[in-house]
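Notes follow once the structure below has been shown.
The values are calculated or read from the model by the stated rules, or taken from the named source; none is laboratory data. Keep in mind the model is a prediction, meaning the values are calculated, not measured. Using ideal geometry, Cβ is built from the backbone for each residue, glycine included, and neighbour counts are taken over all protein chains shown. For the accessible areas, the whole protein counts, side chains as well, though only heavy atoms, and no ligand, DNA or RNA atoms are used. Shrake-Rupley method; radii C 1.70, N 1.55, O 1.52, S 1.80 Å.
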Amino acid sequence: MTTNGDPGSPPGAPAVAARTGPTDAGEDRPAGDDRLPDALSGLRAAIGAAGFPLVLPSAEPAERTGVALAAQLDDYLLPRLARLDAPLLVVVGGSTGAGKSTLVNSLVQARVSAAGVLRPTTRSPVLVCNPADSPWFRRGELLPGLTRTNQPSDDPGTLHLVTAPALAPGLAFLDAPDIDSVVDANRALAGQLLAAADLWLFVTTAARYADAVPWELLRGARARGAVIAMVLDRVPAEATEEVAAHLAEMLAEQGLGSAPLFVLPETWVDGQGLLPARVTAPLADWFARLAADADARSAVIRQTLGGALAALQPAVEGLAVAADDQVAAAEALDDRVHAAYRAANHTVEQGLRDGRLLRGEVLARWQEFVGTSDFFRTLEARIGRLRDRLVAAFSRRPAPATELREAIESQLVTLLRAVAAEAAEAAYTGWRAHPAGAALLTPDLAHPGADLPERAERLVRDWQRGVLELVREEGGDRRFVARTAAYAVNATGLVVMIAVFASTAFMPTGLEVATGAGTTVAGQAVLQAIFGDQAVRTLANKAREDLLDRVRTLLEAEADRYLTRTEQARPLAQTATALRQAAEQVEAARVSSGFAALSEPADRGRSA
C-alpha cells in the first residue's frame, strides 16, 4: 500500500502477469477455458428462471442477490470473458460529495463529468475513454442494459460516453453515482457499475472515510477478489499523517492492506474545475504506467474476473438454499391444508360409525317410516312371510318416505357444512401463523366457498340416487324387484341409507342399538329378508364408500381454494438443483480454465 502521493507499482505484479500469459487478442484466454462462456450462460439462464414468490425471510435477499448476479453476468462477466483484451475499466465510486467527478475531470484533463455542490450531482454515469477505445464501449457489450448517449442525461438508465485524448488508450474511467445517494435508483446503479469494474477507484474524504456504507461495499469487493485502489481526498495538512495511518489500519483489518492508497490534500480548483496537476500527479502517473503496461492491465482484469468467478458458487448456493426454503414453505402450507381437510373427512367417517346421524329428525322420520314397536316384534317372529306385506305397507305410506329422505338429506348437508367450516377455519389459522401463508390469505378463505351449501345439497341428492341405483343393480335378478315396482326400490334404498348411518359393517353396536332404539336391528332384518345377509353388507358398504368418495371430492374442492394459491406461487421443485448444477459447471470450467489460481485468498489484492 502507498500513501501521501507515493503511487508505488501499478496494478499487476510481475508474478501474476507471468502466470496469466499474453494479452493479444485471440491469445488472451488460458487454455481449456472454452467451456466457461457456455457454463456462465447456463448459470445465467438458471438464475433467470429462479423465483422466490413466497414471503419468507430468505426471499427478499435472494431476489436481490439474483438480480445482482444476473446483472454482473450480463454487464461484466460474459462480455469481459469474451474480450479479455478490451480496455481496462476503472469505476470511480464513493460517497456523496467525495469529489469523484472533480477527480475524474482532473485525471483526464477535461471537464467531462458535472461537479457541483448540489446533491446528487452525477445523475447518470459518465464513461470517458481515449477516442481509439470508444468503439468497444459504444457497441454496448459491456453494461448492455444502459443506453449510450453523447449528451449528459438525468436518466440513470443511460451511459454518457465522452472521449478524452489526454487519457491513454487501454484505460477508461466511469464516474458512478454516489453509493449513498438519496435517490434509490442512483444507489442501485452505483452498485451495478461497481460490479462491472475491472478496478475500483474508491474515493472517500477525511471527514467520511469511516462511514459504514463504503466499508460494506469494500468488504463485498474483497470477497469477490476485485482489485481496489483508494483515494483519501480533502485531507487537511495537519491531519494527513494521522488520518492516512488510521485508514491504512482499517484497510488492513478488512484484508485490503495491499490496496494502493493515494492521499490528496485540501486544495483549490482552477477555473475549469480541475485540481492542480501537482496534487493529482502521483495518481495520474500511476494510471499512466498501468495504461502503458499490457501485462499489468491483463493481470488486473484476470484477477478481478477470477475473483468474480470464484464468488459465484457460494452466492448461487445462497439462491439454491432460498429456493429450497420456498419449496419447503409451499409444502408446509399444503400440509396444513391437507391436515385440516383430512380432519374434516375423518369427522364425516366417524359420524357414519357412531350413529350420531341417526339422532333427532332422522330417527323420528325413520320410526314413522317402518312403523311401531309392534312392527319390530312381528318382523322378528315372521320375517319369512313379511316380505310382501312390507312392500304393501311401504306403498301405502309415501309421505313418511319423503320425509325420511329429506331428513337424511338435511342431516348430511348440515354435517358437511359444519366440517367444511371447521376445515376452512383450521387451514386459515394455520396459514396465518406462517409468514408465507399470511401473505397469501384473503378474508374469504376463512369460510367455506360461497356455493358450498348448494354443492353439498347436490352431493347428497346425487348420492341418494346412487343408492337407489345400487339397489336396482343388486336386486336385478330377483323376483322382488320385478314384483314390487319402483316404490319398493325407493323404500329399500332408504333402509340402505339408514344402514350407512348405523355402523361401518352394518352390524349394530350397543351404542347404535341404544341410539336407534332397535331400528338398526329392524333395518338389517328387512334387508336380509329381501336380499340376504351378504347382500346387506355389500349394499351398505358400497353406499358408504360412494358417500365418502363424494365427500372427499367436495372437501378436495374446498381445499383447492388454498392449494391453488400455493401452486401459483410455488417455485419449480428443480430450481435449487438447476442452480447448483449450473454453479458446479461454472466452477469446474473456472478451475480448468486457469482462473482458479488467480482467486485464491492469498492473491486477492496482491496485484494492486
| said: Using each residue's phi in segment 402-408, evaluate 6.51 cos²θ - 1.76 cosθ + 1.60 at θ = phi - 60° and report the 3J(HN,Hα) Karplus result to the nearest Hz, with x for Gly and Pro. | reply: 5, 5, 5, 4, 5, 5, 4
| Can you put Val112, Val90, Val183 in order of accessible area, largest first, using a 1.4 Å probe? | Val183, Val112, Val90
| task | For segment 97-198, give the share of DSSP beta bridges that are antiparallel, in percent and rounded to the nearest 5; count only bridges with both residues there. | result | 35
| Neighbour-limited loop hits for chymotrypsin sites (Phe, Trp or Tyr not before Pro), segment 200-276 (at most 10 other Cβ within 10 Å; DSSP other than H, G, I, E, B) | Trp268
| task | Show the residues, 5+ positions off or on another chain, whose built amide H is closer than 5 Å to the amide H of Val269. | result | none
| Cα gyration tensor, segment 39-99 - rounded (a/c under 1.5), prolate or oblate | oblate
| field | Net charge, Thr267 excluded, C-beta distance under 11 Å - Lys, Arg +1, Asp, Glu -1 | value | -1
| remark: A student applying the Cα gyration tensor rule (rounded when a/c is under 1.5; otherwise prolate if a/b is larger than b/c, oblate if not) would label segment 151-283 oblate
| query | Considering only protein heavy atoms, what is the solvent-accessible area of Lys542 at a probe of 1.4 Å, reported in Å² to the nearest 10? | reply | 100
| query | Just how much of Arg83 is accessible, in Å², when a 1.4 Å probe is used and the result is rounded to the nearest 10? | reply | 80
| query | How much accessible surface does Thr149 have with a 1.4 Å probe, in Å² rounded to 10? | reply | 30
| task | Give the shape of segment 56-209 as rounded, prolate or oblate, defined through the alpha-carbon gyration tensor: a ≥ b ≥ c are the square roots of its eigenvalues, a/c under 1.5 means rounded, and otherwise the shape is prolate if a/b is larger than b/c and oblate if not. | result | oblate
| query | Tell me, what HN-Hα J-couplings in whole Hz come from the Karplus equation 6.51 cos²θ - 1.76 cosθ + 1.60 at θ = phi - 60° for each residue of segment 274-282, using x for Gly and Pro? | reply | 9, 6, x, 4, 5, 6, 8, 4, x
| field | segment 436-455 and segment 157-183: distance between their alpha carbon centers, rounded to Å | value | 55
| request: Give me the distance between the Cα centres of segment 199-225 and segment 287-331, rounded to whole Å. | output: 18
| query | Amide H of Arg148: which non-local residues (sequence gap of 5 or more, or other chain) have their own amide H closer than 5 Å, using H built in the peptide plane? | reply | Leu159
| message | Please give the charge dipole size of segment 140-208, origin at the Cα centre, charges +1 on K and R Cβ atoms and -1 on D and E Cβ atoms. Round to the nearest 20 debye. | response | 120
| Relative contact order of segment 221-323, defined on C-alpha pairs under 8 angstrom at six or more residues apart (%) | 36
